[in-house]
Amino acid sequence: MRSSTMNKLLVAVAASAFLAACSSKPVEDDQGHATGSLDKPGTITDGVGTDGSGDYDHIPLTAGDFHNHPSHYDGTTDTRIIYFAFDRSEVPAAAFDSLRAHADHLRGTGNAVVRLEGHTDERGTREYNIALAERRSKAVQQFLRVQGVSSSQLVTVSYGEEKPQALGSDEMSWAKNRRVELNYTSGRP
């Protein structure tokens, strides 16, 4: 009888731990601050402004939130750089509208082709950075594919740390180098 009670207790504890692990968890920026939650795999829900509402003038532009700062994304095809969090390859929610605008253009212009160039900052080995940059460009590619863009219109390239946008070795420079650039090779918007 005592063994049966212990087994039930162990099952209850294991189930509780499993449910806690599966619950929504905060996503951290490169400073270790929570920036939102990961509600579905690959989907970041930020607490401020991802629904298009809110005033962003009060949000300081620091390296920690640089990649998700709404001022970088205007919701049009004029946005050609998508910034990423440190060591992350999830497309930031703030960039969704801009990427949807690119998807609309690509779907409407059959001859348009865009090269998705993945980049990282200088930290990490060359091999790791090439792989991370590739994951970033593939994440943008997947986002555009889900929006209905043909795979023949998307080319991914991984540069890793080889082509920095900023040459410094500080937090802001690193934040600017963690990016995917959208470069049209034909059919520019």
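The values are calculated or read from the model by the stated rules, or taken from the named source; none is laboratory data. Note that the coordinates shown come from a computational prediction; the quantities given were computed from them, not determined experimentally. As a convention, Cβ positions derive from the backbone with ideal geometry for all residues, glycine included, and neighbour counts pool all protein chains shown.
Summary of computed values
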{"read-out": "Within the stretch 145-185, considering residues that are of a type in the set (Lys, Arg) and touching a residue at least 24 places away in the same chain (Cβ under 8 Å), the one farthest from residue 69 (Cα to Cα)", "value": "163"}
{"read-out": "Residue check for residue 89: among the small types (Gly, Ala, Ser) and at pLDDT 95 or above", "value": "yes"}
{"read-out": "Only listed residue being more than 20 Å from residue 77 (Cα to Cα), touching a residue at least 24 places away in the same chain (Cβ under 8 Å) and of a type in the set (Val, Ile, Thr), chosen from 125, 120", "value": "120"}
{"read-out": "Top-ranked residue in the stretch 104-136 [being surrounded by fewer than 18 Cβ atoms within 10 Å (Cβ to Cβ) and among the hydroxyl-bearing types (Ser, Thr, Tyr); ranked as nearest to residue 189 (Cα to Cα)]", "value": "109"}
